[in-house]
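The next block holds one structure in the form of structure tokens; read it before the comments.
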Amino acid sequence: MRNVRRLFLRCLRLGHRRKFTYLNLVTDYLRYGRLCLVSLTHNSFTNSDVVIESLFEPVYWLVDHVTRWFGIVFVALVILLTSSIVLIVYICVLPLILQTYSTGWICWHLTYGHWNLILIVFHYYKAITTPPGYPPQAQKNTPSVSVCRKCIAPKPARTHHCSICNRCILKMDHHCPWLNNCVGHYNHRYFFSFCLFMTLGCIYCSISSRVMFREAYAAIEKMKHHEAERLQLAGNETYSQTPPPAFSFRERVFHKCIIYLWVLCSSVAVALGALTLWHAMLITRGETSIERHINKKERKRLQGKGKTFHNPYSYGRFSNWRLFFGVETQLQWITRVILPSSHVAYGDGLTWNAPHWIPAKQTSVLAI
């Protein structure tokens, strides 16, 4: 009996040992797999921002590709809307100006309107056709401050990678879908000038047609009232014939075109005017849209250390505007800003030394 009891206890101990042996073996395999996964994916720079950015990478990819393919659609939309406004001005507004305004006002409207239109068309064409500037790939002595993670190539100062264009852009400001092009070193002036003169043109059209808009709006309301009365009379059995409409088809189209002109120009003037003011502030500070965020973080970091941040690419408010427009003499404010000019932006976009016509400034803290 004792032998049977000993044999039974020995079997139980052996079963427990085998059970724990299998469990320990599975645990070892799980730990080894976790160690392999961590060793393959571990990065000392990984944090919550990197994880969130990785999770949103498919969304970024979709937005980049949609923006790339819809850029042509946006450009066609700009051309279509601008052309429709120009046609309405020539067909509806200009004949009324020639009939009712004095000779002096007629000359002013013809001069200013055509000057503004020429500048809008010129700067938009140059903005969409001028390359923003790219770092040279062949030269090995290109001055750089870092290496692009996407291009695996030297990245000069103020250069950033555009995920939509899939290449680095010199002095990149942003990728504009309305241009189907990046805004960079060589076409930044064209972009800002287009925004400025388009805003001025929309304000001009809104102010010039404000009286016509009020009259057209009142006429549209009157049309609706007459239309309701006409339908009511047509439903009455005492009338054997439907009365003719109170307004002709041409009058209806004319009033609706005036309302379309004023609403579109006023909306664009507000939206594009805000964007123009934003870029004017950036130009005054010698920054781009991307550098605005970088300098803000750098300024906050230096303030924590009791230091003051100075933008190394700012030469003073007035000098920043001169450098942006490439104006060296007083006469060039007319020939290069007021009139269409295709002069190339100053510098090569690789190094940022001030030209001789910009006053020297004191040494400042460099923002990377």
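The values are calculated or read from the model by the stated rules, or taken from the named source; none is laboratory data. Note that the coordinates shown come from a computational prediction; the quantities given were computed from them, not determined experimentally. Here Cβ is always computed from backbone atoms with ideal geometry, including for glycine, and neighbour counts include all displayed protein chains. Side chains are part of the model used for accessible areas, which takes the heavy atoms of the whole protein and leaves out ligands, DNA and RNA. Shrake-Rupley method; radii C 1.70, N 1.55, O 1.52, S 1.80 Å.
Diffusion of segment 121-187 by Stokes-Einstein, at 20 °C in a medium of 1.002 mPa s and with Rh set to the Kirkwood radius over alpha-carbon pairs, works out to 174 µm²/s. Apply the a/c threshold of 1.5 to the C-alpha gyration tensor of segment 68-166 and tell me whether it is rounded, prolate or oblate. In terms of gyration-tensor shape, prolate. Taking every protein chain into account, the 1.4 Å probe leaves LEU81 with about 60 Å² of accessible area, to the nearest ten. Approximating the spin labels as points 7 Å out from Cα along Cα→Cβ, the ARG149-to-HIS225 distance works out to 6.6 nm. Taking every protein chain into account, the 1.4 Å probe leaves LYS307 with about 120 Å² of accessible area, to the nearest ten. What pairs in LYS126/LYS171; LYS126/LYS256; LYS126/LYS155 have C-alpha atoms more than 23 Å from each other? Cα-Cα > 23 Å for LYS126/LYS256; LYS126/LYS155; rest within. Surface composition of segment 120-186: carbon and sulfur atoms hold 54% of the protein heavy-atom accessible area at a 1.4 Å probe. Using a probe of 1.4 angstrom, how much of the accessible area of segment 255-368 is carbon and sulfur, in percent? Reported share for carbon and sulfur atoms: 63 percent.
Applying both filters, DSSP loop and at most 16 other Cβ atoms within 10 Å, to the GluC sites (Glu not before Pro) of segment 277-355 gives GLU328.
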